[in-house]
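Every number here is computed from the coordinates shown, using simple stated rules; none is lab data. Just so it is clear, the model here is predicted, and its values are computed rather than measured. Glycine also receives a Cβ, built like all others from the backbone with ideal geometry; neighbour counts cover every protein chain displayed.
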Amino acid sequence: MAAGKAVVATRVGGIPEAVVDGETGILVPPGAPPFLAEALLALLRKPEIARAMGEAGRRRAVEQFSADIMVREIEALYEDLVPRAAPRGEGKG
């Protein structure tokens, strides 16, 4: 998506979270080569749709999955999961 190309991928793992079916690409069931082939052919037959999906995917990648955003989200996750250490001198009786 970051390259501005329409994505054809299977619905596994976190892929459906990143790829919006019909908007940034086409999602197909895992283990179904005929569906994968048909999705690829559909984009080849309609380059204007592939181009629009690629542009939408690029926008989504930049807006939701850029390095800065991912770092901030990981930092926030760590801050939620790891308790802050008490400042020196505190907590001693």
**Fill in**
Once amide hydrogens are built 1.01 Å from N within the peptide plane, the residues lying 5 or more places from GLY4 or on another chain with amide H under 5 Å from its amide H are ARG58
**Complete:** Residue-normalised 222 nm signal for the chain, counting each DSSP H run of n ≥ 4 as -39,500 (n - 2.57), nearest 500 deg cm²/dmol, is -17500 deg cm²/dmol
**Message:** Given the options PRO33, ALA18, VAL7, identify the residue whose Cα lies farthest towards the positive end of the charge dipole of the range 7-81 (+1 on Cβ of Lys, Arg; -1 on Cβ of Asp, Glu).
**Reply:** PRO33
**Request:** Pop the C-beta distance of PHE35 and ILE15 into the FRET formula with R0 = 22 Å and round what comes out to the nearest 0.05.
**Result:** 0.95
**Asked** Which value, in debye to the nearest 20, gives the size of the charge dipole of the chain about its Cα centre, when Lys and Arg are +1 and Asp and Glu are -1 at the Cβ?
**Response** 180 debye
**Fill in**
Largest fluctuation, LEU40, LEU77, LEU27 only, Gaussian network model of the chain with Cα springs under 10 angstrom, belongs to LEU77
**At least 15 Å along the helix axis (C-alpha) and Kyte average at least 1.0, DSSP helices within the chain** = 33-45
**Prompt:** Of the labelled options (1) 0.97; (2) 1.64; (3) 1.28, which one gives Cα Rg over 2.2 N^0.38 Å as computed for this structure?
**Reply:** (2)
**Request:** List the relative contact order of the chain as a percent without decimals, with contacts defined as Cα pairs under 8 Å and 6+ residues apart.
**Result:** 33 percent
**Complete:** On the formula 1/(1 + (r/R0)^6), with r taken between the Cβ atoms of ILE74 and ALA52 and R0 of 30 Å, the FRET efficiency rounded to 0.05 is 0.45
**Asked** By per-residue mean of other Cβ atoms within 10 Å, what is the highest-first order of 50-63, 11-24?
**Response** 50-63, 11-24
